[in-house]
């Protein structure tokens, strides 16, 4: 079965702003979805204005990785949908958060911090330097990715220490930013990737798209489905066993092997 | 000025259960507070039944470290108070979470995970092994702390990877548990410490009390108060500068020093 | 091309000790190699007594993952071979270190610490608990692996903080141990896995063998081959560029796009 | 007793190069030592040309924190002295490594990697951004430190993932660098700090000196001196105990308390 991706977009700017629409005529979600489909992934999209924002239990159950783009309408996302997405992540769904999604409810929920940062809109040159060359997500990027015109994001970026830091951005105006990072949450994987303003054609950049595809594949790993305790606190009912005879003769086995060992 | 601690307790079991009261006549909070006061700290207590659960803005503003014990009444803690405590942590207040506080709203909020685990009440022997001998919190514990009768907590413990893992527990019945761990959240520090059931006199154990005092001191560090961006996303208004003349003669300075360098 | 593994064994106990030979007639290396071959991997073995300990440049260049078992003869391994193996790891070869290999020269070299621990030979029961259910190496283990008779290894284990902690062992005699952990070193991946004494049939245990196969597959990832700077400090010769015009008109691009963006 | 620091310098450039001598007339070591003494620390210096490079067992035993500056003569440092310093770090001595010390034997020994990087000498502007505002070492730096003329160091910097990343540098020419980072090794703490070329007056920069003093204080913490196993593998001789009676009556204690609990 091929990997199933849902690309979520609040889909506001593309409707309200002609300039944005000229870059992303069908919305940022369709631009990204098209690229992922071309790589053989099974991709659907979802937007804020659909019932349950397009994130019904059925859709989430059929989603291996959810990608999230939001900016102007973070506060319009319903809290119960955020709860639902968080539960799915903890049970193994991957989550890729894009650019201004740093301030989305779901990202703040999973991080536990404010996720604040500084920013400046000045069409600056950006370079995303690879600091983890041994991570699957950074493959195909060479030593850095260059984006000629970008909105700047600067430190301090209020996130928990990443489980792995993948990219650090350099900006023309003097700032740096931890631009690509991953975290485990429960059985799920989370990838934050900075590039992607609505007024620049950054989601047409081949290496940015390459990293998104890498990120989706890496986040799809759902892990051990026997970890039943996630989200619960089950009483461990096994009685204590008699574990410990006192003496030991070298070479002897204390516990006769049930099978091979 | 001495370090200011607020010990919070839902204070339910000690009122409802005579056996618990026999161990903690004035409540778990007063037992711990008494020990911390004896170490020269400035300690107040707060409980669920007070206005704002005793955690008014004034109290929190005058608190360097908050200690949290809850078990039976997690869901009775008001969400707006949880918001308030989280904000204070992100701005530098330390938080020490005890035992069954793993399922408190504030701990789950800061972790982003379910914080689930397994458990068994069988008065088992527990040993908390030090795995970070170079951390201030583990000082005075030797190689391990032994608790003769404890409730068991077992893995998988659904927490984000700790920034530093301090203690790992061994239980008589066959389980292990990551019993002491720390995380940074914004400018604040969080310490989770497992020991402490209401039906065992664990908060009378000298080494457990020692670790709590160590934990309070470590969490009190609030860090850099110039990090204004926490919780916000301020526009970085400085214009781009002309940074880069092209030529360089060895030994020359590109930027004439303003002062010493 | 299938994944190429070299299993290294000092191959001393199996020759000197009849009891060990009865468990591993062809040596521990052949026991493990046979299992990996059955999974479709391309496996060769190497031992201390061969020229260059069987680790010639040709062998290492044709090795994606090296597995290391040593115990009695750590100090007989030549330093220049250790240098050679370390270089290959930094350039992308995976390394799986088994049991008493914790004290091998190559593991200590890559860790930078003493890698000391405590131990006891008493055929104790061991349980390896999964603490990272979302890691590929822990798949197929359920919640824990049980080994009925094992040598104990105890904390403090003097290793750098793992990049990811995968397993924590419980021992009948009261100890715990960080039994499975991974680290990145350069472009290479390192996995330490505790089980495996020479006098117990632990490398016949199906789940232990499963973890070894998982570990080999995970460590085989060599990462970005464009990271030329590993092991060197090349002068970055590009001249500084004129990067920063001063003015910005909203919507304008500062840097005319070379291609799509 | 005040904190005891030894500042080590190969002391080559200052003797061979008049321009360097004009900036550091008594050597880089004396420049730094003078600053630390002014803060009340007990500081001695040591150089390559002294017996044992000035790092006799007596000196190291009386050193809480060692600071290391080397550049042109890394290969002249004797291996047995590197062994000695490493042992002291593992037993609790702090180590602060400066700038080109990234290629010193002792730093590579403790990291296990090549510690390679890229560089360019073009008197570029550098900004060291604070990414860990809650760490003692970053206090007093505001949001970033600016150095008007610096040698550039660029990624990929081949180090193990830091236990905590403190500073990320921005360079005028387009690079970034992980400029301040800490690691635990055994009971010792290691801090790498990038600034400090011999041809720029960077060790006169007040904030750089502030960070060095912060770093020395943080690295001085030696931790738990009961962790006897560091560097050894002692047999754990305690016999197995009878740990596990089968039945449990609620409220009962399985193990009658020896003292308070």
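Okay, here's what the table says:
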| read-out | value |
| --- | --- |
| Flag if residue A:36 is part of a strand (DSSP E or B), within 30 Å of residue A:171 (Cβ to Cβ), in contact with a strand residue (DSSP E or B) (Cβ under 7 Å, 6 or more places away or on another chain) and in contact (Cβ under 8 Å) with a residue 60 or more places away in the chain | no |
| Only one of D:15, D:21, D:44 that is without any contact (Cβ under 8 Å) to a residue 60 or more places away in the chain, assigned to a strand (DSSP E or B) and more than 24 Å from residue C:109 (Cβ to Cβ) | D:44 |
| Looking only at the range A:135-150, and only at residues there that are out of contact with any helix residue (DSSP H, G or I) (no Cβ under 8 Å at 6 or more places or on another chain) and in a strand (DSSP E or B), the one that is nearest to residue A:121 (Cα to Cα) | A:149 |
| Which numbered condition residue D:61 fails, given (1) more than 12 Å from every other protein chain (Cβ to nearest Cβ); (2) closer than 27 Å to residue C:84 by Cα | (2) |
| Unique residue being out of contact with any helix residue (DSSP H, G or I) (no Cβ under 8 Å at 6 or more places or on another chain) and at pLDDT 95 or above when the list is C:84, C:37, C:44 | C:37 |
| Selection count, the range D:142-155, where residues are within 7 Å of chain B (Cβ to nearest Cβ) and under 25 Å from residue A:158 (Cβ atoms) | 2 |
| The range B:174-190 - residue that is within 20 Å of residue C:178 (Cβ to Cβ) and touching a residue at least 40 places away in the same chain (Cβ under 8 Å) and, of those, farthest from the other protein chains (Cβ to nearest Cβ) | B:180 |
| Flag if residue B:89 is under 21 Å from residue A:113 (Cα atoms), in contact with a strand residue (DSSP E or B) (Cβ under 6 Å, 6 or more places away or on another chain) and assigned to a strand (DSSP E or B) | no |
| Residues located in the range A:162-212, provided they are closer than 23 Å to residue A:31 by Cα and assigned to a loop (DSSP other than H, G, I, E, B) | A:194, A:195, A:196, A:197, A:198, A:199, A:200, A:201, A:205 |
| Of all residues making up the range C:60-86, the number that are touching a strand residue (DSSP E or B) at 6+ places or on another chain (Cβ under 9 Å) and surrounded by fewer than 20 Cβ atoms within 10 Å (Cβ to Cβ) | 1 |
| Total residues in the range B:128-145, condition more than 18 Å from the chain's Cα centre (by Cα) and closer than 17 Å to residue D:182 by Cβ | 2 |
| Output for the range A:59-75, where each listed residue is out of contact with any helix residue (DSSP H, G or I) (no Cβ under 9 Å at 6 or more places or on another chain) and over 18 Å from residue A:114 (Cα atoms) | A:62 |
| Residue satisfying all of: in the range A:92-106; assigned to a helix (DSSP H, G or I) and in contact (Cβ under 8 Å) with a residue 60 or more places away in the chain; surrounded by the fewest Cβ atoms within 10 Å (Cβ to Cβ) among these | A:100 |
| Candidates D:233, D:258, D:222 - the one that is more than 7 Å from every other protein chain (Cβ to nearest Cβ), farther than 30 Å from residue D:135 by Cα and modelled with pLDDT under 85 | D:258 |
| Per-region count, the range B:156-173, residues buried (at least 24 other Cβ atoms within 10 Å of the Cβ) and facing another protein chain (nearest Cβ under 7 Å) | 5 |
| Residue tally, condition more than 20 Å from residue C:100 (Cα to Cα) and surrounded by fewer than 19 Cβ atoms within 10 Å (Cβ to Cβ), over the range C:23-56 | 11 |
| Count of residues meeting criterion [in a strand (DSSP E or B) and either at the interface with chain D (Cβ under 9 Å from one of its Cβ atoms) or closer than 30 Å to residue A:88 by Cβ (or both)] in the range B:107-134 | 9 |
| Whichever residue in the range D:198-218 is under 25 Å from residue D:120 (Cβ atoms) and more than 11 Å from chain B (Cβ to nearest Cβ) and, among such residues, is modelled with the lowest pLDDT | D:198 |
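The values are calculated or read from the model by the stated rules, or taken from the named source; none is laboratory data. What you are looking at is a predicted structure, and each value in this text was computed from that prediction instead of being measured. With ideal geometry, Cβ positions are generated from the backbone for all residues, glycine too; neighbour counts draw on all protein chains shown.
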